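> To start, I am sharing the structure in question, which I have written as structure tokens.
No lab work stands behind these numbers, since they all come straight from the coordinates. Please read these numbers as outputs of a predicted model, since none were measured by experiment. Methodologically, a virtual Cβ is constructed for each residue, glycine included, from the backbone with ideal geometry; neighbour enumeration extends over all protein chains shown.
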Amino acid sequence: MEWGRGQSIRLLLKYAGIQFTDKGYANPMDWNSGKFTLGLDYPNILYYIDHDLKLIQSIAIMRYLGKKHGLSAISEPQRDVQYMAAQQLQDVLQGLAAIMYGPGDGEANPRPISLALSSLSWIFILAYNVLDILRLYAPESVAKHPTIGQYLDIFEALPAIKA
């Protein structure tokens, strides 16, 4: 399993049954020489192109794909809760990155995340990615909170993800 900000996008596309090209850049020179030829407003290594629409930033891409593929809340208040949860999850991810890549031996203390929705949406896919990283780098934290492990198991058992 891959991790990082692009993984949520890959999982969403896979869940929605969308074929895509996952273009990686092993050599920074490849990215530097080609980034201005893509027509992106702000060239960034994480980008998504859908015909004439060219997006960067993982949350903007997730929001677009969620809406396009019926994985977004219908009402404005529910969408606002999704946007808030997305920002919270990004904050958690940044905290995990500081633990994984920074000096020291910081301890992960995840808080329960209330997603307030009864059907799968893009925010659940983003949550899975963050919690999966937490499971990898702080398995004892996941062990302390069985609902996180249950959530991960349920998500991984989805037919489109399991395939």
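> Could you look through region 30-50, keep only residues that are of a type in the set (D, E, K, R) and surrounded by 12 or more Cβ atoms within 10 Å (Cβ to Cβ), and pick out the one that is farthest from the chain's Cα centre (by Cα)?
D30
> Restricting the search to region 51-89, which residues are buried (at least 19 other Cβ atoms within 10 Å of the Cβ) and among the basic types (K, R)?
R63
> When you look at G6, is it over 16 Å from D132 (Cα atoms) and either touching a residue at least 24 places away in the same chain (Cβ under 8 Å) or in contact with a strand residue (DSSP E or B) (Cβ under 9 Å, 6 or more places away or on another chain) (or both), yes or no?
Spelling it out, it is not the case that G6 is over 16 Å from D132 (Cα atoms) and either touching a residue at least 24 places away in the same chain (Cβ under 8 Å) or in contact with a strand residue (DSSP E or B) (Cβ under 9 Å, 6 or more places away or on another chain) (or both).
> Residues of region 6-33 being among the polar types (S, T, N, Q) and more than 27 Å from P159 (Cβ to Cβ), which ones?
Residues satisfying the conditions are N27, N32, S33.
> Any chance region 56-79 includes a residue that's within 13 Å of the chain's Cα centre (by Cα) and of a type in the set (D, E)?
Within region 56-79, not a single residue is within 13 Å of the chain's Cα centre (by Cα) and of a type in the set (D, E).
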